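Okay, so here's the structure we're looking at.
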Amino acid sequence: MALSEVLSKTYPSFDRYLSELKNPVLVILLVGTIIRFLLLPLTNVDSIDWYHTAENIITGDGLYTRAGYYYGPLFGYILGVPIILATILFDFGSFSHFSEAMIPLQEYFTFKAALQTVEFLAVFKIMMVVGDIVCAFVVRWFIFYLTEDRHKSDLGFALVYLSPIIFVESGVHGMFDIYCGILALLSVYFAIKDRFFLCGIAWTTATLLKIFPAFLMPVLVAYLLRKHKSDLKSSMIALSSAILGGVCIFLALYSPQIGNGTFEESWSYLFSRLDKAIELAGKYWWAAIIALVAVIALIYYIRKHPISFKKKIKLTAKQSILIMLGIVAAAFLGLVTVTGGINGMFDDLFHTSYLVGVVVQAFALLVSIYLAYKLYYSKSEDDTKLLIMVGTLAMATSFLWVPMPEYLILILPIIAVYAMVYDRRYLTPYLIISFGAAFFIIMVEGPAALFVSVGNYFGIPPMDWVVSITEFYVGGPSIGNYSIIQVVFCALGAAMQLIGTVLLFVYRFRPYRMEEYRI
Amino acid sequence: MNTKVDFPTIVLLGIIVFMLLGAALIYPLNHNEFKSEVTTDSTSIYVNMHSSILSDYTVCAVDLDNNSKRSVLFYYDENYESMTGHADELSMMEKTGSHLKYLNVEYSTINANELKEVLTETTTAQTKSIVVFSGAFPCNVYAYDGTTITLDLIKPWMEAGGIVYWWSDAKFGHYSSPLVSDFVSWEDKQPLYASATEFSLTFDETLTDDDESSGRNRSNISTILNIEQNILNHTAVKGSASILNLGFEGDDGRYSIAYAKYGSGGTVLMSGDFSPEKSMAKIIASKVCDWANYAPSVQTGQFKGEHQITFDKTGVDAVYVYFGTLTPRYGELFLL
């Protein structure tokens, strides 16, 4: 039985179970919050960067005074409030210590001997938990706004608040992508409501947090122009409002960096990646030329032999997945070739990932512009449905590689809305992404490694157990810098999140086969 | 225009206000302060410390061989070839400097000509230390013709009390760096000279850049100074009786940070690539190379607000105060 069929059979039971609860939102809130609080003491190798950020924050000299903070300032602001308030109100200020027990692990992966205290882990992650709660309520509100169905909106709330990748990212990893998800969804809502000043604020803030909401912009602009098609003046006013909102919020949020001369440093996270991409582009210029020629040939072929996707391409789910796997295998072989073998590819996985990521981002930009064009000329009468779907696909295109699992949180709230309001089939990619991405991020360093801080500071579980199990996981026979077992588990998680992402596109072009999914 | 304040509007404004609050707390409203002062009477030393937030502290009362204040000079010259690469050098300088700022150490940058002036003046060697990030000295102060050293201003200067901090990510040696315009290759065309044996240091020839290994035995000094740099790759050196371990010792006797004494001064070798800038900044700020003994009187703890500690004055030339754990929040060396 196909996975999507198995999952689809469970959907009615979700509904049934939820409808039996007297106060579903309260129960979900309670369960999800307890899970998160149990996860707060766990850690991840990235926590050391938040430690460096916190030390910068408390100096009073700003976020970029010393190396260690590698994002734009907005996440620093989110992190800064609980850190500063906790240092003022409580005896909190000892963030990290050297752990001699960690030394054996330093030789593997990117483990460091500096371990963050459990209090620090809990304080810095608290705003991510708050973000999850806010996101779940925004999704619930949005679904109710579109359907006026309390049951559907409660189910949307459950989808977000109990999504494994969302609670692992807030409770364990401490990443802030949930705020991107909220703000991207809000920008779509404000566009629907024709409130483009607020739309500009929401979209700009989301994009300043992480770059991926940028792919929503062409779609939002096309939607604005479509909405004001008959009136050039009003469309210009709406566009100006959106730009004004974006500029105002940009200036407000970046004023500290503009004022203290660290504006350039605040963009280094983006430009350092671009530099890396330019360096790689120089190294693999021949591959870029082959790809360019292939794309031009494909465009030429399509122009000469127009394809009607709706009429000519009819694929079963199995065929679609096989094609997807074929594409992934071809991409993998291509990468192995350009990086000089499997070991070369894994030795320098970050560079390999930059290479793929940059190519996909360039592709996503083109797709996003194309989708915007299609949206503008679409004959669909349901503008809201059109914007949500096209916006989701535009952002999802940028994830058609092996992005870090947390990035996908950007699209989960909007998929949850679409699934509950328009098409339940989208629950399948939602759940595959949620579980696959959570599995991926946990298996990057192995489940035992999440306990290094509690093991070190509380002895539960014993630190030597934690170190031994982690050493077994990351220290076995390897490919490049990663153990084979690490690569296999991560590949499994990455494949799941990629399949989930591709299914978003597959469902878009496949007609409804089961009437019960049409809402 | 539709101006209705609905739930999404409240959420958006809430997030924006929260971020602006964060910006305000981190920047203009942040009045955290870390400081200390040292006073003495005929028998005791009093260290009065202030920290706005809970901080770990380490205070050492030390006896110094050389109790003069040292000015810290970073060597950097784009006209001379760098083994590290000029861009990386600048980055390393910036990182080290950013930590030195919190340890109340002022530094300045000198070029090859100024370096020559400093090294020529051996009478002031005890009041200066030089930090080299390039992995090579310019050929105006150190030159080798393939058989003999034709110019060496380094060793006499160290002998007179100068300290060279050498952050190396290549095999240790004092290399002679030509002008960029004359540079061909480090491999075989340029005069190279590794003087390690003169400092009682030896190499582990089998160690390559890929063999990243960590020192597991922590020295007493590294615990006192909160030094975390324990990676042994690159320029890891074998220890000998005359070499002081400031970092961690590997199973084969190599040190992650070694201080090789030479005359009244010497050279500190930093190996590895794990946060060496913090460790280097702490070593420079504590003036540990001038300590007469490496088992000083130390007091540690945590405090918030005001705190005073006392030491016996006998045999103490300086007090080193440090707040923070791995990342320095505040540090200062008080010469008495």
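On inspection, A:ASP61 passes the criterion of being modelled with pLDDT under 95 and within 9 Å of chain B (Cβ to nearest Cβ). From the list B:GLU332, B:GLU277, B:GLU249, the lone residue that is among the acidic types (Asp, Glu), buried (at least 17 other Cβ atoms within 10 Å of the Cβ) and closer than 15 Å to B:ASN48 by Cα is B:GLU332.
The number of residues in the range A:100-116 being surrounded by fewer than 21 Cβ atoms within 10 Å (Cβ to Cβ), more than 7 Å from chain B (Cβ to nearest Cβ) and touching a strand residue (DSSP E or B) at 6+ places or on another chain (Cβ under 7 Å) comes to 0. When B:ILE45 is tested against (1) away from every other protein chain (no Cβ under 14 Å); (2) loosely packed, with under 15 Cβ neighbours inside 10 Å; (3) part of a strand (DSSP E or B), just one condition goes unmet, and that condition is (2). Report whether or not A:PHE90 is facing chain B (nearest Cβ under 9 Å), more than 23 Å from A:ASP177 (Cα to Cα) and of a type in the set (Phe, Trp, Tyr). Yes: the conditions hold for A:PHE90. Counting only helices (runs of 4 or more DSSP H) wholly contained in the range A:411-506, no element carries 3 or more residues that are buried (at least 24 other Cβ atoms within 10 Å of the Cβ) and free of Cβ contacts under 8 Å to residues at least 40 places away in the same chain.
Do we find a residue being at pLDDT 95 or above and polar (S, T, N, Q) anywhere in the range B:128-138? The answer is yes, given that some residue of the range B:128-138 is at pLDDT 95 or above and polar (S, T, N, Q).
Looking only at residues in the range B:71-104 that are touching a Lys or Arg at 6+ places or on another chain (Cβ under 7 Å) and among the hydroxyl-bearing types (Ser, Thr, Tyr), the one that is farthest from B:TYR330 (Cα to Cα) is B:SER71. Residues of the range A:37-69 that are touching a Lys or Arg at 6+ places or on another chain (Cβ under 6 Å) and farther than 20 Å from B:LEU100 by Cβ: A:LEU40, A:ILE48. Out of the residues in the range A:212-258 meeting the condition of being among the basic types (Lys, Arg) and part of a helix (DSSP H, G or I), tell me which one is farthest from the other protein chains (Cβ to nearest Cβ). Among those that are among the basic types (Lys, Arg) and part of a helix (DSSP H, G or I), it is A:ARG226. Scanning the range B:155-194 for residues that are within 17 Å of B:TYR75 (Cβ to Cβ) and among the hydroxyl-bearing types (Ser, Thr, Tyr), we see that the one that is modelled with the lowest pLDDT is B:SER168. Taken over the range A:141-166, the criterion of being surrounded by fewer than 24 Cβ atoms within 10 Å (Cβ to Cβ) and farther than 15 Å from A:VAL25 by Cβ is satisfied by A:TYR145, A:LEU146, A:THR147, A:GLU148, A:PRO164. Among the residues of the range A:398-410, the one identified as surrounded by 24 or more Cβ atoms within 10 Å (Cβ to Cβ) and of a type in the set (Val, Ile, Thr) is A:ILE409.
Would you confirm whether or not the range B:94-101 contains a residue that is surrounded by 15 or more Cβ atoms within 10 Å (Cβ to Cβ), away from chain A (no Cβ under 14 Å) and in contact with an Asp or Glu (Cβ under 8 Å, 6 or more places away or on another chain)? No.
Okay, residues lined up against (1) more than 14 Å from every other protein chain (Cβ to nearest Cβ); (2) surrounded by fewer than 21 Cβ atoms within 10 Å (Cβ to Cβ):
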| position | (1), (2) |
| --- | --- |
| B:ASP6 | no, yes |
| B:ALA23 | no, no |
| B:ASN32 | no, yes |
| B:SER36 | yes, no |
| B:VAL62 | yes, no |
| B:TYR80 | yes, no |
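Only one of the numbered conditions (1) within 7 Å of chain B (Cβ to nearest Cβ); (2) on the phi > 0 side of the Ramachandran plot is violated by A:GLY68, and that is (1).
On inspection, B:GLU114 passes the criterion of being more than 30 Å from B:THR310 (Cα to Cα), more than 14 Å from chain A (Cβ to nearest Cβ) and in a helix (DSSP H, G or I). Scan the range A:47-58 for residues that are farther than 17 Å from B:LEU25 by Cα, hydroxyl-bearing (Ser, Thr, Tyr) and more than 8 Å from every other protein chain (Cβ to nearest Cβ) and jot them down. Of everything in the range A:47-58, just one residue is farther than 17 Å from B:LEU25 by Cα, hydroxyl-bearing (Ser, Thr, Tyr) and more than 8 Å from every other protein chain (Cβ to nearest Cβ), namely A:SER47.
Going by what's in this entry, would A:GLY76 be described as at the interface with chain B (Cβ under 9 Å from one of its Cβ atoms), farther than 16 Å from A:VAL45 by Cβ and assigned to a helix (DSSP H, G or I)? Spelling it out, A:GLY76 is indeed at the interface with chain B (Cβ under 9 Å from one of its Cβ atoms), farther than 16 Å from A:VAL45 by Cβ and assigned to a helix (DSSP H, G or I). Residues of the range A:161-170 include none that is free of Cβ contacts under 8 Å to residues at least 24 places away in the same chain and of a type outside the set (A, V, I, L, M).
The values are calculated or read from the model by the stated rules, or taken from the named source; none is laboratory data. Keep in mind it's a predicted model, so treat the numbers as computed, not measured. Every residue, glycine as well, gets a Cβ built from its backbone with ideal geometry; the counts of neighbours run over all protein chains shown.
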